[in-house]
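Accompanying notes for the structure given below.
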Amino acid sequence: MRKFKALYINEMIKISRKLVVIIVMGVMVLGLFGYGGIIKLTELAQKRYDQVDMSGSEQDWRKDEMRNMLDNFKSEKANLQDEMDKADEEMKKQYEFQIKSLDVQIEIYEYAVEKDIYLYSGGYTAVSLRNMMDLKFSLINYEGIPVEEMNDIQRAEKKRTEDEISKYEEIIEKSDYRMYIDFQNEIIDSDTSMTEEEKQIMRESNDLRVKIDPTGEISASSDYDPLSSYITGIENIKKSLLHNIDYTGYGSIKPLTPSGRQELENSLAVQIYKLEKGDFERSNNYMQVELSDVAMTGMLGFGTFMMICMVLILAGGAISQEISTGSIKSLIISPVKRYKIFFAKLTSIITAGVATAVVLYIVSILVHGILFGFANGSDYIYAINGKAHELSFYIYRMAYIGLEFVDVLVYLVFAYMLSIITRNTAVSVGVSIAIYFGGNLVNLFLSATEIFSGEWLKFIPFNNMSLADRIFKVQMNNIGISGLFGLNLNAPSSMFSVVYLVVMLICFGYIALDSFNRRDIK
Amino acid sequence: MSEAVLEVKNLVKYFGKRKIIDNVSFEVFPGEIFGFLGPNGAGKTTTIKMIMGFLAVDEGEIMINGINIRSDYESAMSSIGGIVENPEMYKDLSGQLNLEMYARLHDGVTPERIKEVVELVGMQNRIKDKVKKYSLGMKQRIGVAQSILHKPKVLILDEPTNGLDPSGIKELRDIFKKLAHEEGVAVFVSSHLLSEMQLMCDRVGIIHNGKLLGVKPIKKLMDEATGGVFYRFMTKQAQQAAEILKVDYPEKVRNFTADYIELEIEEQEVPEVNRKLALAGIPIFGVNKLESSLEDAFISITGGGNSIA
């Protein structure tokens with residue numbers, strides 16, 4: 001052990017004097033600042049766009065649009081009246097109907113202008129007004145029919161419609177979101193086309209709405225209602241689970257597999273947890289993802305790339321370079337067994353990789369903190385057995401880098417093995433880098449051509465890599481099915497991959513160690 | 001003599017199917033300089049690399065300080081130091097750092113010891129420079145410094161005088177002699193510079209085509225090989241002279257060329273030979289008394305000097 005420590009110190013001295021280490025570290029740090037900076041600029045540009053969007057002139061523009069529509073309806077009505085005067089009896093009825101429809105629209109638009117409601121927004125007042133309009137359209141059918149001539153059903157229907165219209169009017173007059181929700185629940189209850197379970201889902205959604213947004217502010221604040229679309233996403237998951245149907249496939253509808261069901265249940269828990277935490281608000285933008293997250297993930301991806309490059313160069317030249325320069329002699333004539341040299345070198349390269357990972361973590365956290373605020377990192381929400389848990393931003397990103405390092409380790413040991421077997425630095429570095437870049441292409445090709453199918457796909461090494469992205473799934477906030485998004489169906493379970501990678505690492509390591517121990521150094 | 005510190009028994013090495021080292025055995029004792037001679041490709045460096053752990057031993061045993069390298073590699077190797085072919089260091093690091101790194105792998109090498117050794121090889125002024133700035137001779141000195149840093153019982157040097165100027169060679173020779181004769185280190189030197197070995201070695205082993213032809217004290221080797229002294233008669237008719245002299249001195253003709261004939265005769269026989277040749281009408285332009293060198297001994301043992309550098 002003492003000899004091993006001495007060897008390890010010597011190896012660390014050698015690595016610390018290597019130019020490639022300094023260059024890669026420098027490029028990585030600069031790149032991290034650059035990447036973060038670019039995303040920050042994007043965010044600033046978007047903010048400016050959003051500000052313009054929300055300015056007073058936008059409000060004016062909406063009012064103008066409503067007025068213009070009103071004017072259009074009015075002039076259309078005048079035209080139709082002119083036409084009607086000239087037309088025969090048969091046509092008159094049709095015109096009359098159209099004019100009545102226009103009257104309804106004119107009435108609603110006038111009301112909207114008066115109440116300052118933009119009819120096409122997602123706010124509950126706008127929705128109420130639109131519903132009101134639809135109901136009034138259906139009332140037209142009852143006009144001209146004397147009450148005595150209606151049957152009971154018609155009478156009840158007319159009565160119900162009128163009640164609903166007055167209810168909506170009341171909601172708009174009082175700006176009462178709670179009343180709106182209660183009324184929606186009433187409508188759900190009286191709907192005979194839904195099963196009790198489906199009604200329950202709808203009611204739960206309304207409960208969520210009130211819980212998150214008691215006054216309807218969020219819902220009315222802009223023309224796009226983030227809360228509503230988020231809740232619709234949750235509703236869809238619940239429906240999927242209820243009917244045991246996988247709606248998430250592109251086009252094809254198939255029954256949920258047990259694991260798909262589990263996945264969906266976890267996804268649901270995550271979505272609800274986020275909603276209650278108020279996370280959906282933060283991502284109210286057109287890209288539907290938090291830009292600080294994009295920056296962080298991008299920085300870590302770039303850092304991992306640099307880490308792999310450095311480790312490949314170090315490991316790919318570890319033994320072969322010493323043999324080609326002859327410096328291996330001073331190691332071999334030392335009183336140490338070869339396996340100690342083997343492990344000391346391997347450990348020192350891993351140490352260099354870990355040091356890079358630590359630098360990556362610290363610098364990316366710093367860049368993220370400086371540009372987006374230290375308190376603004378997104379925590380990672382995940383669920384196990386349908387119960388949501390939260391991982392704080394700092395631990396989450398540390399764990400993420402840790403998992404990325406598994407990939408780094410695999411490439412490291414592979415390059416080290418090549419360096420020992422081929423004794424040629426160019427070949428070992430070149431082949432490892434080629435596999436790193438080309439591996440996923442080969443993987444795509446193999447999957448696409450179906451040379452390997454089904455079970456065999458999980459034995460392709462590349463399907464077992466990228467543990468970080470498979471365990472920490474991409475989180476798309478506003479998409480209800482986020483838990484399933486980006487799920488590689490070919491990918492084996494994480495547990496399988498871990499076992500697979502460990503076995504692979506041991507094989508690489510054993511081949512390399514055996515070759516290094518036994519082969520002559522001429 | 002005391003116990004051997006380096007013992008090689010029936011060493012065999014194959015490269016592929018070719019037997020590169022064939023049943024080589026020898027012993028090196030403390031306090032002696034053992035010369036390992038042979039033409040290029042004879043197996044000198046291969047033998048050294050097997051002793052130093054570069055190459056696996058196919059058959060046979062190597063004992064260093066009484067320890068078999070198979071059973072306890074690290075203890076065995078801790079009493080050995082050396083240079084294999086050219087000394088190679090980490091070129092981007094200073095000579096000092098190279099030595100410190102090597103010292104770390106041995107027990108009990110103090111910073112003072114490093115300083116002492118650096119001064120011994122006369123490198124104290126350049127020791128902080130990077131190795132890539134060193135000349136071949138300086139690298140050789142640092143190599144020697146490295147090999148004796150941990151006071152090994154056996155010092156193995158593969159062509160140590162390569163690239164050194166004559167004064168450097170002399171200095172190095174003195175260092176080796178001092179180490180062997182005063183400090184009792186067993187020094188094992190391989191070379192094809194035979195005159196060099198003649199000046200330095202106590203015993204010499206000659207290797208040729210992978211076989212050890214013999215191990216002898218250097219004086220005995222030279223005596224056995226030639227009988228020492230011979231006389232060269234300068235004449236243009238050497239062939240005729242050889243025929244005439246065969247009658248009276250059947251075993252004494254050593255060699256003849258177009259310009260001279262060499263005879264292994266006693267000093268008192270020279271006038272008689274001269275007279276006989278004069279009577280036969282062969283003019284003699286001169287007679288030289290010559291002593292055979294290790295070179296000659298070497299050629300006569302290995303049976304031809306074609307491959308000698």
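The values are calculated or read from the model by the stated rules, or taken from the named source; none is laboratory data. No experiment lies behind these values; they were computed from the predicted model shown. Note: ideal-geometry Cβ built from the backbone for every residue, glycine included; neighbour counts use all protein chains shown.
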Legend entry - Residue satisfying condition, being over 23 Å from A:ARG518 (Cα atoms) and either without any contact (Cβ under 8 Å) to a residue 60 or more places away in the chain or β-branched (Val, Ile, Thr) (or both), within set B:VAL12, B:VAL28: B:VAL28
Legend entry - Whichever residue in the range A:6-41 is within 12 Å of another protein chain (Cβ to nearest Cβ) and among the charged types (D, E, K, R) and, among such residues, is farthest from A:GLY316 (Cα to Cα): A:ARG17
Legend entry - Evaluation of A:PRO335 against (1) closer than 17 Å to A:ALA295 by Cβ; (2) in contact (Cβ under 8 Å) with a residue 60 or more places away in the chain; (3) not in a helix (DSSP H, G or I) (one fails), failing number: (1)
Legend entry - Matching residues, the range A:186-198, being surrounded by fewer than 16 Cβ atoms within 10 Å (Cβ to Cβ) and part of a helix (DSSP H, G or I): A:GLU186, A:ILE187, A:ASP189, A:SER190, A:GLU196, A:GLU197
Inset, instruction - From the list A:ILE460, A:ILE420, A:ILE435, pick out the single residue that is more than 28 Å from the chain's Cα centre (by Cα) and modelled with pLDDT under 95. - result: A:ILE435
Inset, instruction - Confirm whether B:LYS178 is within 24 Å of B:LEU290 (Cα to Cα) and without any contact (Cβ under 8 Å) to a residue 60 or more places away in the chain. - result: no
Inset, instruction - Give the range A:321-332 a look and list any residue that's closer than 16 Å to B:ALA103 by Cα and either β-branched (Val, Ile, Thr) or not in a helix (DSSP H, G or I) (or both), or say none. - result: A:SER327, A:ILE328, A:ILE332
Inset, instruction - Run B:ALA76 past the list (1) buried (at least 18 other Cβ atoms within 10 Å of the Cβ); (2) touching a residue at least 40 places away in the same chain (Cβ under 8 Å) and report the number of the one that doesn't hold. - result: (2)
Inset, instruction - Determine which member of the set A:PHE73, A:PHE33, A:PHE4 is surrounded by 15 or more Cβ atoms within 10 Å (Cβ to Cβ), modelled with pLDDT of 90 or more, within 30 Å of A:SER121 (Cα to Cα) and out of contact with any His (no Cβ under 9 Å at 6 or more places or on another chain). - result: A:PHE73
Legend entry - B:ASN255 being out of contact with any Phe, Trp or Tyr (no Cβ under 7 Å at 6 or more places or on another chain), part of a strand (DSSP E or B) and not β-branched (Val, Ile, Thr): yes
Inset, instruction - Six or more apart or on different chains, Cβ under 6 Å: which pairs go from a residue in the range B:81-101 that's more than 7 Å from chain A (Cβ to nearest Cβ) to one that's buried (at least 20 other Cβ atoms within 10 Å of the Cβ) and assigned to a strand (DSSP E or B)? Could you list them? - result: B:GLY81/B:LEU155; B:ILE83/B:LEU157; B:ILE83/B:ASP158; B:GLU85/B:ASP158
Inset, instruction - Among the residues of the range B:53-80, count how many are among the hydrophobic types (A, V, I, L, M, F, W, C) and facing another protein chain (nearest Cβ under 7 Å). - result: 4
Inset, instruction - Would you point out which residue out of B:ASN86, B:ASN162 is surrounded by fewer than 17 Cβ atoms within 10 Å (Cβ to Cβ), part of a loop (DSSP other than H, G, I, E, B) and assigned by TED's automatic domain parsing to the domain that holds B:GLU196? - result: B:ASN86
Legend entry - Matching residues in the range B:30-62 - criterion: being surrounded by fewer than 19 Cβ atoms within 10 Å (Cβ to Cβ) and in contact with a strand residue (DSSP E or B) (Cβ under 6 Å, 6 or more places away or on another chain): B:ASP58, B:GLU59, B:GLY60, B:GLU61
Legend entry - Of all residues in the range B:15-37 being on the phi > 0 side of the Ramachandran plot and of a type in the set (Gly, Ala, Ser), the one that is nearest to the other protein chains (Cβ to nearest Cβ): B:GLY16
Legend entry - Scope the range B:102-125; condition outside any loop (DSSP other than H, G, I, E, B), surrounded by fewer than 20 Cβ atoms within 10 Å (Cβ to Cβ) and within 12 Å of another protein chain (Cβ to nearest Cβ); matching residues: B:ARG104
Inset, instruction - Might you check whether a residue that is modelled with pLDDT of 90 or more, assigned to a helix (DSSP H, G or I) and hydroxyl-bearing (Ser, Thr, Tyr) occurs anywhere in the range B:165-173? - result: no
Inset, instruction - Kindly indicate whether A:ILE341 is in a helix (DSSP H, G or I) and more than 14 Å from chain B (Cβ to nearest Cβ). - result: no
Inset, instruction - Out of the residues in the range A:164-192 that are under 18 Å from A:LEU135 (Cβ atoms) and of a type in the set (Gly, Ala, Ser), state the one that is nearest to the chain's Cα centre (by Cα). - result: A:SER190
